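Asks: Could you have a look at this structure, given as structure tokens, before my questions?
Bear in mind these aren't lab numbers, they're just calculated from the coordinates by the rules spelled out. As the structure is a prediction and not an experimental result, all values here were calculated from the model. Please note: Cβ atoms are built from the backbone with ideal geometry, for glycine as well, and neighbour counts cover all protein chains shown.
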Amino acid sequence: MGRRHSIAARKASWDAAKSRIYSIIGKKIQIAAKAGPDPKLNPNLEMMLEKARQNGLPKDVIERAILKGSGQLEGEKMEEVTYEGYGPNGSAFLIKTITSNTNRTSSSVRTILTKTGGAMAEIGSVAWQFQEKGLIVIDGLAIKYQDKGRDMERVEPFDAEKIEMDMMELPISDVSIEDGVAEVYTEKNDFINVRKSVLELWYHIAESDLHYFADNTIKLEGEDLDKFNRILDALQEDDDVDHVYHNVEE
């Protein structure tokens, strides 16, 4: 009986996590679709649709988000809002949210920070410590083939030396290759074009997005680390929170 309860609990947790991922990606598709519903003419939408496919979003969820974002279907208007906060001993948070109600989200973020030992920060007091950069994660070569008339794709390992040379031909800021995975970093303005070039070189992209990276990190220990983790966990559980960035060494 205990084991059945454990399996049921894990499934419930997985279902909740999957539902949250669906919700966040759906909101991001809706925001991207504001610039137009055709992914061929809207690189941000194309990227989000690829992420939706990778995470198995149902087709009807994707289509509804595009229609809402492009104004073809009535729905709540989504916007991205970033909040700033402090944690223990010099730790800092950038909290990226996607919301249809900024008053609700602002209140929720403030409450989470206060209850877990953190504090809301004034706009700009934390953001200056971070830089927004593109991150493209490559996990292999995308091999196209046909099976019974259907277009298929498989991912095969890449050659580390070749991919490093290929990436150095592009306007990137850094590349790191380890255990068959390459992390390619770009300046914000170069991200879309570099991503397009990576695909044209037939590399398979496991993940790609713009992220904030701290210029300098700090190390926390003991009670400070415990408090920091409580704040981080609570923020990440909020339905409106897309991503939490921080300056703590991992």
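Asks: Only sites in a loop by DSSP and with at most 10 other Cβ atoms within 10 Å count here; which GluC sites (Glu not before Pro) in region 32-70 make the cut?
Replies: Qualifying residues, ordered by number: none.
Asks: Ok, one more. Using only helices, what value at 222 nm comes out for the chain when you add -39,500 (n - 2.57) per DSSP H run of length 4 or more and divide by the total residues, to the nearest 500 deg cm²/dmol?
Replies: Values: 7 runs with 102 residues, N = 250.
It comes out at -13500 deg cm²/dmol, rounded to the nearest 500.
Asks: Top mean-square fluctuation among Asn193, Asn44, Asn103, Gaussian network model of the chain, C-alpha springs under 10 Å?
Replies: Asn103
Asks: Same structure again: Fewest Cβ neighbours within 10 Å first, please rank Asp242, Asp60, Asp226, Asp179 accordingly.
Replies: By the 10 Å Cβ count, ascending, the order reads Asp179, Asp60, Asp226, Asp242.
Asks: State the extension gain, in nm to one decimal, for the chain segment bounded by Leu199 and Ser173, taking 0.36 nm per residue of separation less the distance between their alpha-carbons.
Replies: Values: separation 26, 0.36 × 26 = 9.36 nm, distance 1.80 nm.
In short, 7.6 nm is gained.
Asks: Provide Ile177, Ile163 in ascending order of the number of other Cβ atoms located within 10 Å of each residue's Cβ, fewest first.
Replies: Ile177, Ile163
Asks: What are the extents of the Cα atoms of region 172-229 along their three principal axes, listed from largest to smallest and rounded to whole Å?
Replies: 48, 27, 16
Asks: Show me the GluC sites (Glu not before Pro) within region 195-245 that DSSP assigns to loop and that have at most 10 other Cβ atoms within 10 Å of their Cβ.
Replies: Hits after loop and neighbour filter: Glu221.
Asks: Still on this model: Compute the length gained on full extension between Asp147 and Glu183: take 0.36 nm times their separation in residues and subtract their Cα-Cα distance, giving the result in nm to one decimal.
Replies: Taking 0.36 nm per residue and subtracting the Cα distance, the gain is 9.9 nm.
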